[in-house]
Amino acid sequence: MNEQATSRCGYVAIVGRPNVGKSTLLNHLLGQKLAITSRKPQTTRHNMLGIKTQGPNQIVFVDTPGLHADADKAINRYMNRAAKSAVRDVDVVVFVVERTRWTEGDQLVADKLRGFRGPLVIAVNKVDQLDNKGELLPQLQALAEQHPQAEIVPISALRGVNLDVLEDVIVQRLPEGQHFFPEDQITDRSSRFLAAEIVREKVMRQLGAEVPYQVTVEVEEFAQDGPILHISAAILVERSGQKRMIIGNKGERIKQIGSQARQDMERLFDSKVMLNLWVKVKSGWSDDERALRSLGYRDD
């Protein structure tokens, strides 16, 4: 008679400096797009759970905002609190770093992890971009010296290189126990939240360097009517010049944002989507604790 496999389940925080590939890694481990990504740092603002159940194992990934030193605005302080709180309550930490680069941002995260007593896995990302794998050795040696207790796994989140190895290493370190979530659940976040994040991702990908950090999205309608899901959302900015940039010449840019967002929503929600977007100026929202709470930036 076959012995029943031991059931394992636990929380795994994915941490690292801004823009190191944490959300891309989460999406590829889950096998579907859940966390938004862009080339701009600080794309991720909230902790979000991505739940992967396979056979007896359930990994509850916590995608965290990148920790950054400069926390001058309320929104930056909120993101730092979110990232730090995630590490306090998890079973395993995956620290994502980049092939041969080590920055002040990486050191900031490494310093914050000093108090973590659980299993640490270091995922060295973007190794597919190295012509000579030997270039990686000094980085691997330095990481092993700095974190002697850590398991180090070279990966490429984008290309899916070694992700099976990374997942095995994580599963071996999870505590034994019953699953926390039903096996078909993939996140703790509402569909409304995911819709807002998809719109924000498209804005970030369309716009230049400065504007995205002063943009957030508020979903005002989310209603299924027969085969069609109706979603209406306001893109909030801080200044009227930013509003003009998002709308674009003759409304071209907001049309593109809407079209790309709708395609992602239809895939995620498995439904035809009617999406209605507009832009509103709400000055100072990113440095106003009360405005942030009303827009869903909560510490609970």
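Using the structure shown, decide if VAL217 is within 25 Å of GLN32 (Cβ to Cβ) and at pLDDT below 95. In short, yes.
Residue count for the stretch 19-32 under the criterion of being more than 17 Å from VAL161 (Cβ to Cβ) and surrounded by fewer than 18 Cβ atoms within 10 Å (Cβ to Cβ): the result is 1.
Looking at this structure, is ASP89 modelled with pLDDT under 85 and under 21 Å from ARG192 (Cα atoms)? For ASP89, the condition - modelled with pLDDT under 85 and under 21 Å from ARG192 (Cα atoms) - is not met. For the stretch 99-115, a residue qualifies if it is open to solvent by less than 30 Å² (accessible area, probe 1.4 Å) and not acidic (Asp, Glu), and the qualifying residues are GLY105, VAL109, ALA110, LEU113.
The number of residues in the stretch 240-285 that are closer than 17 Å to GLN206 by Cβ and either in a loop (DSSP other than H, G, I, E, B) or open to solvent by 50 Å² or more (accessible area, probe 1.4 Å) (or both) comes to 15.
How many residues are open to solvent by 50 Å² or more (accessible area, probe 1.4 Å) and either of a type in the set (Phe, Trp, Tyr) or part of a strand (DSSP E or B) (or both) when one looks only at the stretch 151-166? Number satisfying all stated conditions: 2. For first residues located in the stretch 106-133 and touching a residue at least 12 places away in the same chain (Cβ under 8 Å), partners that are in a strand (DSSP E or B) and open to solvent by 50 Å² or more (accessible area, probe 1.4 Å) and lie 6+ apart or on another chain with Cβ distances below 6 Å form the pairs VAL121/GLU151; ASP128/VAL161.
Matching residues to (1) buried (at least 19 other Cβ atoms within 10 Å of the Cβ); (2) in contact with a His (Cβ under 6 Å, 6 or more places away or on another chain); (3) assigned to a helix (DSSP H, G or I):
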{"position": "VAL97", "(1), (2), (3)": "yes, no, no"}
{"position": "ARG117", "(1), (2), (3)": "no, no, no"}
{"position": "ILE122", "(1), (2), (3)": "yes, no, no"}
{"position": "GLU135", "(1), (2), (3)": "no, no, yes"}
{"position": "GLN141", "(1), (2), (3)": "no, no, yes"}
{"position": "GLU145", "(1), (2), (3)": "no, no, yes"}
{"position": "GLN149", "(1), (2), (3)": "no, no, no"}
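The values are calculated or read from the model by the stated rules, or taken from the named source; none is laboratory data. Just so we're clear, the structure is a prediction, and the values are computed from it rather than from any experiment. A quick note on method: Cβ atoms are made from the backbone with ideal geometry, for glycine too, and the neighbour counts reach across all protein chains shown. These area figures cover heavy atoms from the full protein model, side chains too; ligands, DNA and RNA do not enter into them. Shrake-Rupley method; radii C 1.70, N 1.55, O 1.52, S 1.80 Å.
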